[in-house]
Amino acid sequence: MTTQAAGKKNGIIAALGAIAIVLLVVIYYSPIWWVSLTAPQYPKEAFPEGIRIHFHMNGVFNGCPKVEKKEIEEDVVLDCVHEMDAINHFVGMYPTGAGGPVEKAFSPFLLILLGLLLIGFIIPNRKLRFAVTMAGWLAMVAWMYMAMVAPNGVRLLPTSYLKSLVTALGEGEEEAGEPLSPIIAKLEEELKKSGSKFVKSEEVRSTLEKTGHKQLSDILGRLSKGGEGMQVKSLKEILAEAKKKGEGKETYIAILKQTFLSDQARLKPEERQKWTGSGMQVLLWHYKKTLERWFNEPWRNKPLQKKMATAAWGLFWALIIVPPILFFLGSFGPPLFYWLMGLIPAILPVAFVIEYAAWLYWFGHNMSEMGAFTLKPFMPTVFGQGKVAQFTTHSYPHYGFFIMLAFALIVLFILLLRRKQLREEGAAARSAA
């Protein structure tokens with residue numbers, strides 16, 4: 001093969017690789033799979049697609065459209081993630097946010113790794129391949145460390161991921177529900193009498209004890225002033241203030257932070273954590289919060305929390321240790337590792353389906369006895385239509401999965417082109433000899 005022909009094929013492979021990289025970015029922000037529940041109590045007039053949710057790489061999002069009909073006026077779109085979780089909890093199933101928390105948090109870094117493997121496979125020169133992939137890995141590790149470990153790192157995580165965390169908690173509204181209102185109202189009344197907006201912590205505790213509530217769980221947003229006082233502000237007020245600014249990263253972080261502080265206020269002083277705002281802190285706290293959202297069973301939840309913490313830190317260190325080894329072997333090692341650099345990204349759709357099915361199995365086989373109804377362990381429907389109690393379930397790929405398939409096909413085509421190119425170059429070399 002001539003140098004000109006080889007250069008042309010390399011150019012085609014590089015162009016296809018660039019398209020594949022763009023598709024990876026699109027995949028991250030696209031719904032990959034959708035699930036819906038239909039039942040007689042959810043008429044099509046009000047619920048045209050049933051109770052529907054969308055699975056993304058970084059979370060679970062509302063899939064219910066806004067209903068606009070003459071007989072129905074809907075100012076706010078129904079939060080079908082919350083509705084789905086409420087239905088599931090009646091049969092003892094954990095909320096959807098309990099599934100794949102580590103994968104969702106690390107999804108941007110995992111996709112970057114796939115992109116680097118593909119870029120490495122495309123580059124024919126061994127030394128350049130290793131240099132480029134290692135440079136990309138260093139940038140990825142720097143971002144991952146700053147986001148997951150450093151203080152306020154949560155600000156460096158994608159806005160869509162933070163939105164999914166807030167969505168999983170019912171938009172924060174549960175924390176600001178009616179059960180809190182009488183306590184907050186009583187405290188506000190006491191504060192008005194004293195003519196002060198801030199009170200000492202001992203005075204707050206005394207007020208709570210007088211009203212029969214000894215825990216400080218209803219004192220949210222403990223903002224110190226002068227190092228001793230704290231502002232008595234409900235999450236409902238915080239939400240109202242945050243949402244005035246509109247949807248966005250700052251709003252989501254404010255909701256997560258204040259919910260975190262609310263949870264810490266429920267604990268004994270020696271058990272409380274300070275808010276650092278690191279991605280890892282938010283990940284592990286949010287998982288704990290999600291498990292306890294419907295079923296407060298420490299004997300079941302604590303082992304799950306320990307496993308998830310181990311998995312999170314395990315993946316963190318794996319993304320630091322494993323890629324350089326892969327890049328080195330793919331550049332200077334046996335040919336098998338070079339081909340693995342292309343094959344690993346190509347199996348993304350298969351990996352997603354396996355992961356999705358595994359988590360469905362976990363949900364169906366880890367149900368709580370605290371549910372209103374008891375079901376035998378079962379495997380939820382991965383693809384197609386199923387039945388659970390009086391609900392009909394629907395589970396199908398969304399357009400993001402087809403983009404994922406397109407990505408995989410492009411990568412496989414790149415593999416075939418490279419294989420043909422190397423064969424032709426080998427044949428030409430033998431002929432010349």
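The values are calculated or read from the model by the stated rules, or taken from the named source; none is laboratory data. What you are looking at is a predicted structure, and each value in this text was computed from that prediction instead of being measured. Counting neighbours? That spans all protein chains shown, and the Cβs are built from the backbone with ideal geometry, glycine included.
Inspect all residues belonging to the stretch 287-301 and state whether any of them is in contact (Cβ under 8 Å) with a residue 60 or more places away in the chain, assigned to a helix (DSSP H, G or I) and more than 28 Å from His89 (Cα to Cα). Give the steps one after another, and end with the answer.
Quick first cut of the stretch 287-301, residues in contact (Cβ under 8 Å) with a residue 60 or more places away in the chain only: 287, 289-291, 293-295, 297, 300.
Next cut, assigned to a helix (DSSP H, G or I) only: 287, 289-291, 300.
Within this subset, residues satisfying the condition of being more than 28 Å from His89 (Cα to Cα) are none.
Checked the stretch 287-301: no residue is in contact (Cβ under 8 Å) with a residue 60 or more places away in the chain, assigned to a helix (DSSP H, G or I) and more than 28 Å from His89 (Cα to Cα).
Is the stretch 398-418 home to any residue that is touching a strand residue (DSSP E or B) at 6+ places or on another chain (Cβ under 7 Å), part of a loop (DSSP other than H, G, I, E, B), in contact (Cβ under 8 Å) with a residue 12 or more places away in the chain and loosely packed, with under 15 Cβ neighbours inside 10 Å?
no
Suppose we filter Leu329, Leu375 for residues that are assigned by TED's automatic domain parsing to the domain that holds Gly97, surrounded by fewer than 18 Cβ atoms within 10 Å (Cβ to Cβ), among the aliphatic types (A, V, I, L, M) and farther than 29 Å from Val35 by Cβ; which single one remains? I'd like the intermediate steps shown before the answer.
On the way: Leu375 fails: farther than 29 Å from Val35 by Cβ.
When all the criteria are applied, what remains is Leu329.
Of (1) at pLDDT 85 or above; (2) part of a loop (DSSP other than H, G, I, E, B), Pro65 satisfies all except one. Which?
Failed condition: (1).
Based on what the data block shows, is Glu355 of a type in the set (D, E, K, R) and modelled with pLDDT of 95 or more? Working first, answer last.
Values: of a type in the set (D, E, K, R): yes; modelled with pLDDT of 95 or more: yes.
Answer is yes for this residue.
Would you please name the residue that is farthest from Ile112 (Cα to Cα), looking only at residues in the stretch 136-151 that are surrounded by 14 or more Cβ atoms within 10 Å (Cβ to Cβ) and of a type in the set (A, V, I, L, M)?
In the first step, residues of the stretch 136-151 are kept if they are surrounded by 14 or more Cβ atoms within 10 Å (Cβ to Cβ); the result is 136-137, 140-141, 143-150.
This time we only want the ones that are of a type in the set (A, V, I, L, M), so: 140-141, 144, 146-150.
Working: Met140: 7, Val141: 10, Met144: 11, Met146: 16, Ala147: 15, Met148: 16, Val149: 18, Ala150: 20 Å.
Applying the filter and picking the extreme gives Ala150.
If you take the residues in the stretch 1-46 that are modelled with pLDDT under 80, part of a loop (DSSP other than H, G, I, E, B) and surrounded by 12 or more Cβ atoms within 10 Å (Cβ to Cβ), which one is farthest from the chain's Cα centre (by Cα)?
Filtering the stretch 1-46 for residues that are modelled with pLDDT under 80, part of a loop (DSSP other than H, G, I, E, B) and surrounded by 12 or more Cβ atoms within 10 Å (Cβ to Cβ), the one farthest from the chain's Cα centre (by Cα) comes out as Met1.
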